[in-house]
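The values are calculated or read from the model by the stated rules, or taken from the named source; none is laboratory data. Quick caveat, the model's predicted, so the values are computed rather than measured. Cβ placement follows ideal geometry from the backbone for every residue including glycine, while neighbour counts extend to all protein chains displayed.
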Ligand SMILES: [Zn+2]
Ligand SMILES: [Zn+2]
């Protein structure tokens, strides 16, 4: 009789309850899939929503969260002839998309209505092993270590795509609103793309970090009216990427635009914000949402990070610490990202 191989994993068994760190069977890669030994997995705010069942479409339980996975291929399933055992890959939020619908065919696989999401509809990387789709795992460039790469697979990709969606040109003034896990990467990507970055946050400590990372200007709305200030100083910014966790920051970004400006929404706090129709129409403001990025975007975001030395601020933790990490995420505003080291 063959003994079933087991691994340690952090499992959601009930919403709003601590994850159970326990032994579970190592999954088997099916056709088109690969088995990965997980080296590192970042912890994203979305994991918190999965654990709490916050969204209308809840993940089926039990579920292993985690979608900022970096690992090494240990087995390739049938039909995978473009990846090899021993290669290092990243597994993003977009676990799989159909490849045949209008969204997939037009370069918007992230909007595929049949998509499966890592650590949500399928098990993710809070585990020693995981299965990924061979077509959606992305090779990690040499020169980026595991702990640095993990946050780039979701947070880095998300802000890279968000900045692309601003349609800003090199030299343009681009606001990054909210300098947390997403924002501190957005400042670096914005600078690498040639933008003049304006950091907006209510904590001076985070604005200092943004300056160190290359922001040309910083504004703290606690002591300066950001709309009046930017309109007086530069006539408003060309674009903004809002990664903030509070709804008022979204309306504020619209006010900080120059005529014709574009505001991209990346942060996902619950709630609404008011919009002046007159202001939007008369000043021809564009407002658009942006969610993660495609495989093509991920490849470009990783290579840009390797080339321009884009480095996330990382705090490390072990799989056994997962409940503490998730709790701290809800209460503290630690800048940077936490990454689980799995060996
Ligand atoms: Zn994420
Ligand atoms: Zn599709």
Q) Are any of the residues in the range 286-300 part of a strand (DSSP E or B), free of Cβ contacts under 8 Å to residues at least 40 places away in the same chain, farther than 30 Å from residue 231 by Cα and out of contact with any helix residue (DSSP H, G or I) (no Cβ under 8 Å at 6 or more places or on another chain)? A) no
Q: Could you grab me the full set of residues in the range 237-266 that are in a loop (DSSP other than H, G, I, E, B) and surrounded by fewer than 21 Cβ atoms within 10 Å (Cβ to Cβ)?
A: 245, 246, 247
Q | Segments classed as strands (runs of 3 or more DSSP E), wholly inside the range 113-208, with at least 3 members that are in the same structural domain as residue 21 (by TED's automatic domain parsing), farther than 22 Å from residue 306 by Cα and touching a strand residue (DSSP E or B) at 6+ places or on another chain (Cβ under 9 Å) | A | 129-133
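To keep it simple, each residue is scored yes or no on (1) in contact with a helix residue (DSSP H, G or I) (Cβ under 8 Å, 6 or more places away or on another chain); (2) farther than 15 Å from residue 237 by Cα.
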position: 162; (1), (2): yes, yes
position: 170; (1), (2): no, no
position: 175; (1), (2): yes, no
position: 186; (1), (2): yes, yes
position: 192; (1), (2): yes, yes
Q. Which one of the conditions (1) free of Cβ contacts under 8 Å to residues at least 60 places away in the same chain; (2) in contact with a strand residue (DSSP E or B) (Cβ under 7 Å, 6 or more places away or on another chain) does residue 274 fail to meet, given that it meets all the rest?
A. (2)
**Q.** Filtered residues of the range 75-111 (kept if crowded, with 20+ Cβ neighbours inside 10 Å, away from ligand 1 (no atom under 16 Å from the Cβ) and under 14 Å from residue 293 (Cβ atoms))
**A.** 97, 109
